[in-house]
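Novice: The structure follows.
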């Protein structure tokens with residue numbers, strides 16, 4: 001470990017600390033986003049089948065409870081639709097669309113920062129290279145030029161560039177991975193939204209909702 005620090009941190013110069021700081025932020029953000037998106041991916045088909053069965057049995061409270069206990073954006077979109085059961089198709093569709101719009105920024109949060117880190121890291125590495133090259137030229141111009149010192153600055157230039165490029169490559173791969181997970185969840189949201197809309201606006205469910213309203217009016221006449 002000590003040899004690694006001497007080679008890549010100390011010999012890399014002061015820019016290395018900036019690169020390590022940037023890479024640490026990117027790593028923390030990647031882990032946080034990966035865990036969040038993993039939690040948001042559920043068995044959408046099984047979840048939707050469970051909701052359908054509860055609605056068909058007129059157990060609407062249990063269906064809403066299942067949505068609240070299930071993590072992820074899919075459950076929240078379905079819950080928004082269930083809260084408007086018995087209303088018009090346009091009203092339910094609007095509720096689903098509004099819930100989906102709210103969920104999209106949550107899914108994409110901080111992923112852009114990882115992409116920004118991937119773009120900044122090579123620039124920091126290049127800055128460290130330029131600083132090391134300038135210092136090497138000053139050494140060459142000095143009357144007491146030492147080849148060992150020149151080699152040290154040359155190593156610093158190469159290390160900062162290599163580190164910046166390595167962080168950029170890892171950042172791009174991490175961003176691509178997370179963006180793929182986001183696209184998969186968005187696809188599931190679109191599919192679940194369409195399925196729950198068709199289910200709640202089907203003729204059988206509409207008749208059940210109308211019957212329930214008539215029963216409530218009969219029990220509590222105005």
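A short reminder: the numbers here are calculations on the coordinates, not readings from a lab. Since we're looking at a predicted model, the values are computed, not measured. Note: ideal-geometry Cβ built from the backbone for every residue, glycine included; neighbour counts use all protein chains shown.
Novice: Could you give me D for the stretch 1-133, from Stokes-Einstein at 37 °C and 0.692 mPa s, where the hydrodynamic radius is the Kirkwood radius over C-alpha pairs? Units µm² s⁻¹, please.
Specialist: Once the numbers are plugged in, D ends up at 177 µm²/s.
Novice: Computed FRET efficiency, Cβ-Cβ of residue 83 and residue 104, R0 22 Å: what is it to the nearest 0.05?
Specialist: Here the calculated transfer efficiency is 0.65.
Novice: Report the calculated FRET efficiency for residue 154 and residue 32 (r = Cβ-Cβ distance, R0 = 35 Å), to the nearest 0.05.
Specialist: 0.35
Novice: Right, here's the next one. Rank the residues 78, 22 as a footprinting-exposure proxy: fewest other Cβ atoms within 10 Å of their Cβ go first. Could the numbers behind the result be given before it?
Specialist: On the way: 78 28, 22 19.
Going from sparsest to densest Cβ surroundings: 22, 78.
Novice: Can you tell me the FRET efficiency between residue 20 and residue 183 if r is taken as the Cβ-Cβ distance and R0 is 30 Å, rounded to the nearest 0.05? List each step's numbers first, then the result.
Specialist: Values: r = 31 Å, r/R0 = 1.04.
That gives a FRET efficiency of 0.45.
Novice: For the residues 160, 129, what sequence is obtained by ranking on other C-beta atoms within 10 Å, fewest first?
Specialist: Result, fewest neighbours first: 129, 160.
Novice: Tell me, 163, 65 in order of fewest to most beta-carbon neighbours within 10 Å? If you can, show how the numbers build up before the last one.
Specialist: Details: 163 23, 65 13.
Listed from fewest to most nearby Cβ atoms, that is 65, 163.
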